[in-house]
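Read-outs: derived from the displayed coordinates by stated rules, not from any lab. Note that the coordinates shown come from a computational prediction; the quantities given were computed from them, not determined experimentally. Neighbour counts are summed over all protein chains in view; Cβ atoms, including those assigned to glycine, are modelled from backbone coordinates with ideal geometry.
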């Protein structure tokens, strides 16, 4: 009797331990892995695009227009069970070049550039005014087939093609 009770308690403790580890959040790294020694070796006025690419590798993305800028993006994310991953930390290394391709500056940006968007809203904002159900239902009565400007011959007068 005593042994079976200990076995049940032991099994319950193991089950709680497994359940607790199943509810732990998942941490992940996405993007560029920043090596501080390599970043420190890139010098404005000394390096160019080729030397930066050889030192840091290909950028995550480049500026499509305007001044020549390369971006190296690194993100750490967390995901709790049954949810989507959220950005916990972000670091962006920004390398600016002059028109000849020489490095002019290296800067860092962080979480201040992260924006959370929710594309799963139940309403889509539109331009114009809000109309009620009845305005939508009855709003076009009389407008269909009407002649723009309110001028029309029709059967109640005016001049028609036969001169009446």
### Extension gain from residue 48 to residue 83, taking 0.36 nm per residue of separation minus the Cα-Cα distance
8.3 nm
### Query
So how much slack lies between residue 94 and residue 111, counting 0.36 nm per residue of separation and subtracting their Cα-Cα distance, in nm?
4.7 nm
### Query
For 72, 65, what's the fewest-to-most ordering of other Cβ within 10 Å of each Cβ?
65, 72
### Message
Can you compute the FRET efficiency between residue 74 and residue 135 using 1/(1 + (r/R0)^6), with r the Cβ-Cβ distance and R0 = 41 Å? Round to the nearest 0.05.
### Response
0.20
### Query
Going by the alpha-carbon gyration tensor, a ≥ b ≥ c the square roots of its eigenvalues, is region 23-111 rounded (a/c under 1.5) or, if a/c is not under 1.5, prolate (a/b greater than b/c) versus oblate?
prolate
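Taking 25 Å as R0, compute the FRET efficiency from the Cβ-Cβ separation of residue 26 and residue 58 and round it to 0.05. Intermediate values should be presented prior to the final figure.
On the way: r = 27 Å, r/R0 = 1.10.
It comes to 0.35.
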